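Scroll down for the structure; my scribbles are underneath it.
Nothing in this text is a laboratory measurement; each read-out follows from the coordinates by a stated rule. Everything numeric in this text was worked out from a predicted model, so none of it was measured. Using ideal geometry, Cβ is built from the backbone for each residue, glycine included, and neighbour counts are taken over all protein chains shown.
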Amino acid sequence: AETHYHEFVIQTTPVTRVCRTVNIPTVNGQLPGPTVQARNGDSLAIRVINAARDNITIHWHGLRMLQNPWADGPEYVTQCPIQSGGSYTYRFTITGQEGTLWWHAHVGFLRATVYGAIIIYPRLGAHYPFPVPRREFLVHLGEWFDTDPVSLLRMMNFRGTPPNVSIAYTINGQPGDFYRCSSQDTVRVPVEPGETILLRIINSALEQELFFTVANHRMTVVGTDATYTKPFTTGIIMIGPGQTYDVLLTADQIPGRYYMAARAYESAQNNPFDNTTTTAILEYKSASCCNNRQFSTPILPALPRFNDTPTATAFTNGIRGLSQNNVFMNADVSLYFVVGLGLINCTNPNSPRCQGPNGTRFSSSMNNVSFVPPRTTSLMQAYYQGIPGVFTTDFPPVPPVPFNYTGNVPRGLWTPSRGTKLYKLKYGSRVQIVLQDTSIVSTEDHPMHLHGYDFFVVGSGFGNFNPATDTANFNLVDPPQRNTIGTPPGGWVAIRFVADNPGIWFMHCHIDSHLNWGFAMAFLVENGVGPSQTVIPPPADLPPC
Ligand code: C2O
């Protein structure tokens, strides 16, 4: 195994897209930032130097960080942010993970521009569980706003509504040739006729699940969130913010040019190609191909309608783990988290941020608790150093009162309380969580992400979760293993994992406006002997609070 060293300089960079130049925070001046490549078992040392104005942290989304929460990155959860002029070196080892993950800023909306890919190859001499592709390409989906992420968050806090529609969606930072001033830089993926390539697809969008498709071609999913899956062939992929898919694509069509395209799911629009879409071009390399007039214009794919939940569901349910992924039969801890939006009463209902019904403002919660991050230290430091008064461990294991979550929810349940509440898990316990979407304010797909773990997705459905009937149908044979899973709109999803990573681990909705509204909680995983026995000591350069 090797150690790879990187230097990430966070800097304010003028970047031009869709005819407009915006000064945004980047890593090393790049958008997306640099790709981190390693093999399973390798170590990384990534020095992050903050040469920009605003605080920053970097999260290595999906990496297990065994006994090493100090390298995880969410601000005020496992570390205080790296201040302007400061630096911090994230040191960690990749343990048993292979495939595609990504890294991103974990402060406010900064991940809108501070993000990049992580590619983990098999150990030297080891192989993929599928035929080796001739080539591979990154398809990193993102969003482009016409403002910098700090102003974007300020605007949301002022207006009280999320930055719903970005100016453009992007592939590898490029909107594609349906946008003004963009055709020159449209991403092109070259293929030889007949060859099979591996696409590593990542959704970094702040706010939207995306459908992804390639005109005339089918894709075979072979991995998700850096775990392998049973090969699953599909024309359409639905990918939530935070998720990744590795897919094989064979160039088996008439040599020519074909668009690959993504469109926002659950966006309010349904025009064929508008600012809820992005495109790149799959381009066959062959003499006859592209001089041929027939193919001077790439072929367009059909995208599902923005509200096509059946297509989204069929895709997600088609993803199965390799059968050796056997999950435990009985859980030691069974949790039921209702998740969704909520409303907070405003003292001054005329304030611009009070855009909710009857002069309320939007909020988010899990089990009716809206997460408030600490401000003077991080949860992990408070825990490690025994600083009292920073958090409590009374996060409710079930909703405060039972109700019809997807029906007409009583108004009294619309108002979450605020707190910094953790849920304590005994090290080694077998945990089941059912995440239930509520119809408070709206029903919506919430991509839920757990730090420090991969979990098995053992079941999902629409309506209210019914333990008596739904549990019997759980897939305990070949559930996929992932770190981010959508809670279906007006439905539920059940996950299982063994609490084998001590420390404090954040769980939250990966829609950034929701996260900033408090759609989060954290687990404290411990075995009673104290963190100094189970977690590595904090690095000397951990940023001061
Ligand atoms: Cu990708 Cu807590 O985030």
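Laid out as a table, the results:
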quantity: Contour minus Cα-Cα distance for Thr534 and Gln184 (0.36 nm per residue); calculated: 120.7 nm
quantity: When the range 135-318 is reduced to its Cα atoms, the Kirkwood hydrodynamic radius in Å; calculated: 16.9 Å
quantity: Rounded to the nearest 20 debye, dipole of the chain from Cβ charges on Lys, Arg, Asp, Glu; calculated: 400 debye
quantity: Cα extents of the range 3-121 along the three principal axes, largest first (Å); calculated: 43, 28, 21
quantity: Coarse-grained scattering of the range 333-534 at q = 0.18 Å⁻¹, given as base-10 log I(q)/I(0) from a Debye sum over alpha-carbon atoms; calculated: -1.27
quantity: Sequence-separation-based contact order of the chain, relative, with Cα cut under 8 Å and 6+ spacing, percent; calculated: 15 percent
quantity: Under 14 Å from the Cα of Lys285 - aspartates and glutamates, other chains or at least 8 residues apart; calculated: Glu192, Glu195, Asp252
quantity: Derived scalar couplings ³J(HN,Hα) [the range 333-350; Karplus, 6.51 cos²θ - 1.76 cosθ + 1.60; whole Hz; x for Gly, Pro]; calculated: 10, 10, 10, 9, 10, 8, 10, x, 7, x, 10, 10, 5, 9, 6, 10, x, 8
quantity: Sequence-separation-based contact order of the range 333-534, relative, with Cα cut under 8 Å and 6+ spacing, percent; calculated: 27 percent
quantity: Alpha-carbon centroid distance for the pair the range 211-265 / the range 161-202, whole angstrom; calculated: 13 Å
quantity: Charge sum, other residues only, whose C-beta stays under 12 Å from Thr170's C-beta, Lys/Arg counted +1 and Asp/Glu -1; calculated: -1
quantity: Residue exposure sequence - Glu192, Glu283 - by fewest surrounding Cβ within 10 Å; calculated: Glu192, Glu283
quantity: Per-residue Cβ neighbour rank within 10 angstrom, fewest leading, Leu210, Leu300; calculated: Leu300, Leu210
quantity: Semi-axis lengths (Å, descending) of the ellipsoid that matches the C-alpha gyration tensor of the range 159-253; calculated: 26, 19, 10
quantity: Descending Cα extents along the principal axes, the chain, whole Å; calculated: 71, 56, 54
